[in-house]
Amino acid sequence: SVARARPPVPHLDPARPRRAANTVISCRTAEAGCVEVRDGRAGANDDFDMFYVDVDDDPNTYNSSRAELRLPPGSRVTYARLYWGGNLRVGEQKPAADAGRVLAAEPGGRYKAVHADTVVGHRVDDGADAFRASADVTGLVRDSGSGLYTVAQVDVAKGRSAAGAWGGWTLVAAYENPAEPLRHLALWDGFDTLAQGLQVRLDGRPVAAGARGRVGLVAYDGDRGRTGDSLMFSNGHPDRAPLSDAANPGDDVLNSTISEPGEAPAARVPAYAHTLGYDSDVFDLGPGSRRGGDQAALRLVAHRDAAWAGALFVAVDARK
């Protein structure tokens, strides 16, 4: 399938998207092997009895987690979107009607209800009943800026099953900063199984040879150590460059990580190295842009798992 861009994102701005992300469910600490897997060992969510992550002090929330949105000084947020999703059917069946609402708190703030303007649900495959929701949160993020955001009450099921429990959230923010170069920005929504692959195009926007850029990915139910997942960038040429880094092998890109290149990673609470079925990764475009062109596209494929893509975003310098 081909995903389409969400039009409110700026086409050409001195901007770059940043993101904050975390999981809301993990294995139980007391279960054999859980701590080692959280610390990075290979494993899968269907290997464990999964239970909620809950880091706040509010007895009325059953799951919650935090992550840092880090913006450069002098930045102004122009668009922000919150994505969340997971599996509704594991050892229990969660009500789908609750999928369209979460609680979110800005740095140092109190929870506010966030209602989805888009909910895609009941994607059934191999025992899973999956959903993905999203909402425009530009006002909240523009007013609050950098810091630790908390998201709670993501409607995911706990327990153990062959499909496994999984779920999490990602906040994507585009910003203006006059000290940075002009960039092409694009953000895609979608929620389809990746068995047939997913392709997104930059709609003929030219990418200069050697231009710098970053690609972001949100995906659900990937398993670390089960190969066959790849994210490739092409620019109108027959050759495709697989995107990979130290945290994401080129043939196991859906390996349950929350990662970003270069700088010290943004803070997360909890900061599990292995998120057991939730991916939110940012890649340097690197060698993918060595050759210029005007037919830039991304292709995401998962041969091994019943996995879903939730969002893709791209920021590429308009000039070398």
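Each of A162 and H115 was given a label point 7 Å from its Cα along the Cα-to-Cβ line. The distance between the two points is 3.9 nm. Scalar couplings 3J(HN,Hα) for region 127-135, obtained by applying the Karplus form with A = 6.51, B = -1.76, C = 1.60 to θ = phi - 60°, are x, 9, 10, 9, 9, 9, 10, 7, 8 Hz; x denotes Gly and Pro. All distinct Cα pairs of the chain go into the 1/r average, and the inverse of that average, the Kirkwood radius, is 19.4 Å.
For the pair A246 and R299, label points projected 7 Å from Cα toward Cβ lie 3.0 nm apart.
Test of understanding: in a Gaussian network model of the chain with alpha carbons linked when under 10 Å, which of A264, A309, A211 would top the mean-square fluctuation ranking? Between A264, A309, A211, it is A264 that shows the largest mean-square fluctuation. The residues neighbouring F48, those whose beta-carbon lies less than 11 Å from its own, together hold a net charge of 0 under the Lys/Arg +1, Asp/Glu -1 convention. Ordered from highest to lowest accessible area with the whole protein assembly present and a 1.4 Å probe, I25, I258 read as I258, I25. No solvent, one uniform scatterer per C-alpha: report log10 I(q)/I(0) for region 97-185 via the Debye equation at q = 0.10, 0.13, 0.16, 0.23 1/Å, two decimals. The Debye formula, applied to the Cα set alone, gives -0.36, -0.57, -0.77, -1.17.
Placing one equal scatterer on every Cα of region 121-268 and applying the Debye formula, the log10 ratio I(q)/I(0) at q = 0.11, 0.13 Å⁻¹ is -0.56, -0.80. The alpha-carbon atoms of region 47-162 define a convex hull whose volume equals 119 cubic angstrom per residue. If R0 is taken as 22 Å, the Cβ-Cβ distance between D54 and E31 corresponds to a FRET efficiency of 0.80.
The values are calculated or read from the model by the stated rules, or taken from the named source; none is laboratory data. This one's a predicted model, so the numbers in the text were calculated from it and none came from an experiment. Heads up, the Cβs are rebuilt from the backbone with ideal geometry, glycines too, and the neighbour counts pull from every protein chain shown. Just so you know, the surface numbers come from the protein's heavy atoms only, side chains and all, with ligands and any DNA or RNA stripped out. Shrake-Rupley method; radii C 1.70, N 1.55, O 1.52, S 1.80 Å.
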